[in-house]
Amino acid sequence: MKDGKILTMGIESSCDETAIAVLANGREVLSNVISSQISIHTVYGGVVPEIASRHHLNNIPFVFKQALDEAGVSLDDIDEIGVTAGPGLPGAVLMGAAYAKALSMASGISLVGVHHIQGHIMANLIEHPEIEPPFLSLVVSGGHTHIIQVLGYNEFKILGCTRDDAVGEAYDKVARVLGLGYPGGPKVDALAKEGDPNAIEFKRVYLEKGSLDFSLSGTKTAVVNYMHNAEQKGLEVNRADVAASFQEAVVDVLVDKTMLAMKETKAPYLVLAGGVACNSRLRERLEKALKEKGKKLYVPSPILCTDNGAMIAAAAYRKAREGKYSTLSLDVFPGLNIETGLHKLEE
Ligand code: KG4
Ligand code: ZN
């Protein structure tokens with residue numbers, strides 16, 4: 001507690017960012033330090049789990065110190081320590097969780113295990129105080145593609161999810177065949193701006209009628225096959241057209257299914273979350289579709305879309321206010337389901 005405000009620390013290490021933030025009263029970002037390993041994993045074309053874990057281990061103490069320094073607070077001022085407990089790369093999640101547990105044990109500060117996706121959704125609350133459950137959220141990241149009904153700050157219902165690739169994963173793979181490098185999402189997004197979204201008709205998979213689930217691997221494979229065929233025949237490819245057409249196919253399905261879920265749940269607005277929430281075309285198309293129905297789209301700033309500690313602190317703050325603390329025996333759950341929730345597993 002400082003100046004009468006509750007201070008929450010958020011620790012995130014589920015993939016390739018070592019991130020720690022300090023939030024005041026669940027919304028005011030006092031610091032948000034992100035140490036990215038992108039340059040380390042780029043040479044491998046994707047995240048190498050073992051290397052990610054080792055870098056988290058090296059980086060965490062420095063990120064921790066910087067997060068406190070930039071916030072202008074000391075550990076004694078912190079009221080609760082939130083940490084991602086899953087889902088994510090097991091070894092990577094373990095690094096953050098072990099650090100948080102050690103901090104909590106040494107200082108006596110309460111520990112709060114957080115579901116990574118809950119963090120992505122709650123990132124929206126930092127900048128948009130008017131958001132209050134119930135609402136609908138589309139979560140699109142490197143590991144997740146979910147339509148989630150947010151019934152309370154700690155109560156979630158999954159209405160649909162991907163049956164194969166996550167959106168970010170498909171973007172990253174397409175970027176690789178286009179020779180754009182890792183992480184591919186932002187690069188495909190930028191290149192697509194120069195291309196024609198209607199140049200190539202890539203497969204759109206809707207699954208059974210009325211289904212809110214996704215299947216994105218077919219669209220991704222269609223792009224891979226298109227590139228290989230062109231290469232074999234020695235044909236020149238307009239890569240910007242391929243990027244724009246792939247993006248359009250993915251965005252068409254995301255928008256259509258989300259709008260169906262909006263109608264079915266009579267949700268007042270949509271909250272977009274996850275790394276792919278940075279995507280310019282997805283934002284533009286969702287905003288337009290929602291506006292036509294008189295509804296609003298909420299999106300976090302780009303720095304709060306991709307993995308960060310502030311989102312984990314925002315979720316931990318909400319859990320703590322409902323008394324959902326963790327014990328020092330907090331475990332990590334690489335495949336944690338947001339509906340089950342960590343607190344139910346811990347009870
Ligand atoms: O949420 P996030 O940081 O990590 C996970 O929890 O997975 O999301 C990272 C993903 C990567 O696949 C990256 O390519 C994608 O988000 N991404 C984008 C954009 N910016 C990041 N995908 C499409 N367009 C973007 N502008
Ligand atoms: Zn994430």
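The values are calculated or read from the model by the stated rules, or taken from the named source; none is laboratory data. Everything numeric in this text was worked out from a predicted model, so none of it was measured. Every residue, glycine as well, gets a Cβ built from its backbone with ideal geometry; the counts of neighbours run over all protein chains shown. These area figures cover heavy atoms from the full protein model, side chains too; ligands, DNA and RNA do not enter into them. Shrake-Rupley method; radii C 1.70, N 1.55, O 1.52, S 1.80 Å.
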Note on region 13-58: residues closer than 18 Å to L75 by Cβ and of a type outside the set (V, I, T) are A19, A21, L23, A24, L30, S31, N32
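Going through V250, V223, V242 one at a time, which residue ends up being under 21 Å from the mean Cα position of the chain (by Cα) and either under 17 Å from R281 (Cβ atoms) or among the acidic types (D, E) (or both)?
Details: V223 fails: under 21 Å from the mean Cα position of the chain (by Cα); V242 fails: under 21 Å from the mean Cα position of the chain (by Cα).
Only one candidate passes the filter, namely V250.
If we scan region 167-188, do we find a residue that is farther than 30 Å from Y44 by Cβ, of a type in the set (V, I, T) and within 16 Å of ligand 2 (Cβ to nearest atom)?
Pass one, region 167-188, residues farther than 30 Å from Y44 by Cβ: none.
No: zero hits.
Which of the residues belonging to region 4-18 are away from ligand 2 (no atom under 16 Å from the Cβ), touching a residue at least 40 places away in the same chain (Cβ under 8 Å) and open to solvent by 30 Å² or more (accessible area, probe 1.4 Å)?
Filtering region 4-18 for residues away from ligand 2 (no atom under 16 Å from the Cβ) gives 4-9.
Now narrow it down to the ones that are touching a residue at least 40 places away in the same chain (Cβ under 8 Å): 6-9.
Result: I6, single match.
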May I ask you to verify whether E169 is away from ligand 1 (no atom under 16 Å from the Cβ) and either free of Cβ contacts under 8 Å to residues at least 40 places away in the same chain or under 19 Å from S245 (Cα atoms) (or both)? no
Which one of K319, K233, K293, K263 is under 20 Å from Q118 (Cβ atoms) and more than 13 Å from ligand 1 (Cβ to nearest atom)? K319
For region 39-63, enumerate the residues that are free of Cβ contacts under 8 Å to residues at least 60 places away in the same chain, among the hydroxyl-bearing types (S, T, Y) and open to solvent by less than 70 Å² (accessible area, probe 1.4 Å). S53
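Among residues belonging to region 19-38 that are at pLDDT 95 or above and within 16 Å of ligand 2 (Cβ to nearest atom), point out the one that is surrounded by the fewest Cβ atoms within 10 Å (Cβ to Cβ).
Quick first cut of region 19-38, residues at pLDDT 95 or above only: 19-34.
Retained after the next criterion (residues that are within 16 Å of ligand 2 (Cβ to nearest atom)): 19-21, 32, 34.
Details: A19: 28, I20: 35, A21: 29, N32: 22, I34: 18.
Only one residue fits best here, namely I34.
Among the residues of region 10-36, what is the count of those that are outside any strand (DSSP E or B) and either touching a strand residue (DSSP E or B) at 6+ places or on another chain (Cβ under 6 Å) or closer than 16 Å to G143 by Cβ (or both)? Show your work before the answer.
Taking region 10-36 and keeping what is outside any strand (DSSP E or B), we get 13-16, 25-27.
Narrowing the set further to residues that are either touching a strand residue (DSSP E or B) at 6+ places or on another chain (Cβ under 6 Å) or closer than 16 Å to G143 by Cβ (or both) leaves 13-16, 25.
Selection size over region 10-36: 5.
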Taking region 79-121 and keeping residues open to solvent by 20 Å² or more (accessible area, probe 1.4 Å) and either polar (S, T, N, Q) or not assigned by TED's automatic domain parsing to the domain that holds I60 (or both) leaves S107, S110
Kindly provide the set of residues from region 122-138 that are within 14 Å of L297 (Cβ to Cβ) and either open to solvent by less than 30 Å² (accessible area, probe 1.4 Å) or within 16 Å of ligand 1 (Cβ to nearest atom) (or both), ordered by number. N124, I131, F135, L136, S137, L138
Filter result for K209 (more than 15 Å from the chain's Cα centre (by Cα), within 10 Å of ligand 1 (Cβ to nearest atom) and without any contact (Cβ under 8 Å) to a residue 60 or more places away in the chain): no
With respect to A277, determine if the residue is surrounded by fewer than 22 Cβ atoms within 10 Å (Cβ to Cβ), modelled with pLDDT of 95 or more and either under 21 Å from the mean Cα position of the chain (by Cα) or within 9 Å of ligand 1 (Cβ to nearest atom) (or both). no
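Here's the yes/no breakdown for (1) buried (at least 22 other Cβ atoms within 10 Å of the Cβ); (2) of a type in the set (S, T, N, Q); (3) free of Cβ contacts under 8 Å to residues at least 24 places away in the same chain:
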| site | (1), (2), (3) |
| --- | --- |
| E292 | no, no, yes |
| Y298 | no, no, no |
| S301 | no, yes, no |
| G309 | yes, no, no |
| I312 | yes, no, no |
| A316 | yes, no, no |
| K319 | yes, no, no |
| S326 | yes, yes, no |
